[in-house]
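Taking it in order: structure first as structure tokens, then the write-up.
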């Protein structure tokens, strides 16, 4: 039915999901399997200073997001001890703008249209990718003009969903870094089905690290969006991937990045540590997923401010969900050179 009558299939599956949401209890928890426990981190004596550094210079919406996430970290258990909760229970910290009924309705409408257009991507049409475009839809027009017809880098490319959605922002070429050979095979197939030519993308099979030493990492090839250098055990085919820094990749492939998206399943801090030269030289717009572990969330923005002058940063949640770990997932750090707006 899915292949013969895709519109009816997705309508019925969405209807079943909606009914289940109304009656079923669900779990809410904080991820602690990708680099440490948020609860343990914020209980450390030095956490207050790190929170202050994160908040410094941020806009009101970013500050509210941080406070809400802190409340949820305190209220909900770690993933290792998750439990079911009633749907009638109030959400800790209250609802963020993206989590309201109005936002969910608008997002749902857009994603249904996306699924009709890209039926073969139906399982991978995430809000963060096809509604918010990794946060680009939230940025001022001059910032979008700044990246037009220039090189993009996609770190954690998965099956090409980001490369497909970001074509709307007219990249010259997108350089997609992915560890999973299974995902790379699907990436190529998906780009072909979308009619995106080989000249518009380059796939790089590598594991992003802070050091460009080309040492090998052996990991299970899950072929999923959750593949991570921090998950080294699993009952899957094992692959060996070279570890490379972003600076090394940019130099090796001659990339001049104007936009860098990174969703590395807990490895984003290592990424920025190995990207200092690239970030200083090219001053790209940034979209970095920072929700996988506490060091990503609390330390990447202050680290970047240590060597990137005159950047505007903001934190946004790009998922309307609450259940499971969605209460704090899909939080990204957006950054762009402030001089872009100064020149307007």
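Can you tell me the mean projection area, over all orientations, of the convex hull of region 43-89's alpha carbons? Units nm², please.
The number I arrive at for region 43-89 is 4.6 nm².
Please report, to one decimal in angstroms, the Kirkwood hydrodynamic radius of region 279-344 built from all distinct Cα-Cα pairs. Walk me through the intermediate numbers first.
Values: mean 1/r = 0.0774 Å⁻¹.
Taking every pair of different Cα atoms in region 279-344, averaging 1/r and inverting gives 12.9 Å.
Against the empirical 2.2 N^0.38 Å scaling, what ratio does the C-alpha Rg of region 119-231 come to?
Numbers: Rg = 14.5 Å, N = 113, 2.2 N^0.38 = 13.3 Å.
For region 119-231, the normalised Cα radius of gyration comes out at 1.10.
From the C-alpha gyration tensor of the chain, pull out the three semi-axes of the equivalent ellipsoid (sqrt of 5λ each), sorted largest to smallest, in whole Å.
28, 26, 22
In what sequence do 245, 210, 86 fall when counting other Cβ within 10 Å, fewest first? Show your work: numbers first, answer last.
Numbers: 245 24, 210 18, 86 7.
Ascending number of Cβ neighbours within 10 Å: 86, 210, 245.
As a footprinting exposure proxy, order 314, 191 by other Cβ within 10 Å, with the fewest listed first.
314, 191
In the chain, what percentage of the DSSP-assigned beta bridges are antiparallel, given to the nearest 5?
45
So what's the Cα pair-distance distribution over region 235-344, bin width 5 Å, in %?
2, 11, 20, 21, 18, 13, 9, 4, 1, 0, 0
In Å, what Rg and Dmax follow from the Cα atoms of region 44-193?
In Å, with Rg to one decimal and Dmax whole: 18.8, 53.
At 222 nm, what helix-only mean residue ellipticity would the chain give, in deg cm²/dmol to the nearest 500, using -39500 (n - 2.57) for each DSSP H run of four or more?
Rounded to the nearest 500, it is -11000 deg cm²/dmol.
Expressed as a rounded percentage, what relative contact order does the chain have, with Cα pairs under 8 Å and six or more residues apart?
Numbers: 606 pairs, mean separation 69.3, N = 344.
Across the chain, relative contact order equals 20 percent.
Please state, to two decimals, what the Cα-based radius of gyration of region 152-206 comes to when divided by 2.2 N^0.38 Å (N = residues).
So region 152-206 has a normalised radius of gyration of 0.97.
Bear in mind that the values in this text are calculations on the coordinates, not laboratory data. Worth saying up front: this structure is predicted, and the values here are computed from it rather than measured. No Cβ is skipped: glycine too gets one built from the backbone with ideal geometry, and neighbour counts run over all protein chains shown.
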